[in-house]
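Remarks on the structure that follows.
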Amino acid sequence: MITQPLIQNIDAFCNSKDLLVDVLRLDNVHTIISGNKWYKLSHYLHDASRKNCKIIVTFGGAYSNHIVATAFVCNEFGLKSIGIIRGDKPAKISHTLQDAESFGMSLVYISREEYRNKRLIIEQYSNPEYYIIPEGGYGELGAKGASEILASVNELEKYTHIICSCGTGTMMAGIIQSAKKHQTIIGINSLKGYPEIEQDIRKILPIAFIESKFEIFNEYHFGGYAKKTNQLFEFMNNLYEKHHITTDIVYSSKLFFAVDDLICKNYFLANSKLLIINCGGLQGNLSLPKGTLFF
Ligand SMILES: *Cc1c(COP(=O)(O)O)cnc(C)c1O
């Protein structure tokens with residue numbers, strides 16, 4: 001389904017002379033299911049096929065990369081898909097949802113209140129031909145898939161820190177269980193007011209990893225999920241001009257901003273070797289006015 005991700009070195013990130021800063025370009029593994037999305041979905045789909053379920057049901061918002069990825073992959077596998085979308089149907093549907101529909105996904109819009117109480121909705125799909133994938137692929141199977149991300153990294157052991165973005169924390173749960181013992185895992189939380197993410201990550205770790213150490217930064221959300229500022233756009237454009245790294249407004253821009261900021265504040269000891277996981281997922285950027293970004 002996807003190609004091997006490459007590693008790109010970015011020298012002198014915030015004048016980081018005595019650090020190594022490498023980027024895992026997971027954003028380039030596929031044009032549609034870029035980033036962590038295929039990794040998180042793969043074990044759910046195998047499970048669905050083992051259980052002979054023919055219709056995949058999943059959840060997301062109007063800009064959810066997970067929704068598009070699920071629609072695309074189900075189409076490839078000859079499965080039907082249903083996307084339960086948070087909020088009433090808008091007059092103009094987002095690019096993300098248009099794409100999902102073009103891959104054959106049926107969209108069902110529900111109010112935010114109903115969405116919060118997913119259990120009732122899930123009951124409607126309790127027939128064995130349906131297979132439910134939680135929002136964002138959150139769960140043990142999603143984390144298990146994400147634990148395969150680091151397998152493609154040459155000389156993985158040389159890194160001292162692995163840094164990723166977090167929405168549900170599923171990818172991070174995968175990184176935690178596949179990193180080397182000496183490595184520090186850092187997550188940059190894109191959601192505001194969600195410090196419980198740490199517990200939610202522990203809940204989906206295999207028992208042997210429940211006590212694992214990791215660090216989450218909760219202060220780099222720029223006002224909240226998918227919120228953005230001119231400072232963020234400027235940062236994204238600079239990063240692109242200097243290093244040809246494209247980032248999205250929801251996750252990876254905030255991830256790189258955070259790393260840059262932490263380097264400037266001397267958070268990392270000299271000679272640290274950082275691996276930043278860039279997950280891409282650029283379709284959310286299409287909602288910006290033309291010309292905002294250089295890419
Ligand atoms: C989906 C996505 C995430 C969130 O992953 P979780 O496993 O839900 O934490 C982070 N970054 C990017 C770019 C994504 O597309």
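Just a few scattered comments:
- Dimensions of the chain along the principal axes, based on C-alpha atoms and rounded to the nearest Å, stand at 57, 47, 35, largest first.
- Part-to-part distance (alpha-carbon centres) for the range 184-255 and the range 104-155, which is given in Å: 20
- Modelled label positions at residue 12 and residue 240, each set 7 Å beyond Cα in the direction of Cβ, lie 2.2 nm from each other.
- In percent, rounded to a whole number, the relative contact order of the chain is 23, using alpha-carbon pairs under 8 Å and six or more apart.
- Charge dipole magnitude, Cβ of K and R +1, D and E -1 - the range 154-277, Cα centre, debye nearest 20: 120
- Trypsin sites (Lys or Arg not before Pro) within the range 210-295, DSSP loop, no more than 16 other Cβ atoms inside 10 Å: 213, 227, 265, 290
- Size of electric dipole in the chain: Cβ of Lys, Arg +1 and of Asp, Glu -1, about Cα centre, debye, nearest 20: 320
- Applying both filters, DSSP loop and at most 13 other Cβ atoms within 10 Å, to the GluC sites (Glu not before Pro) of the range 194-295 gives 196, 211, 219.
- Residue among 2, 263, 117 farthest towards the positive dipole end of the chain, charges placed on Cβ: 117
- Computed packing ranks the peptides 109-121, 5-17 as 5-17, 109-121, most packed first, by mean other Cβ atoms within 10 Å.
- Estimated from helices alone, the mean residue ellipticity of the chain at 222 nm is -9500 deg cm²/dmol (sum of -39500 (n - 2.57) over DSSP H runs with n ≥ 4, per residue).
- Considering only 44, 108, 68, the residue lying farthest towards the positive end of the dipole of the range 1-134 is 108, judged by Cα position with unit charges set on Cβ.
- Per-residue packing, averaged as other Cβ atoms within 10 Å, sorts the ranges 30-39, 185-194 into the order 30-39, 185-194, beginning with the highest.
- Long pairs among 180/254; 80/158; 54/180; 192/242, criterion Cα-Cα beyond 31 Å: 80/158; 54/180
Every read-out reported here was derived from the displayed coordinates using simple, explicitly stated rules and does not represent laboratory data. Just so we're clear, the structure is a prediction, and the values are computed from it rather than from any experiment. Quick reminder, even Gly has a Cβ in these numbers, built from the backbone with ideal geometry, and neighbours come from all protein chains shown.
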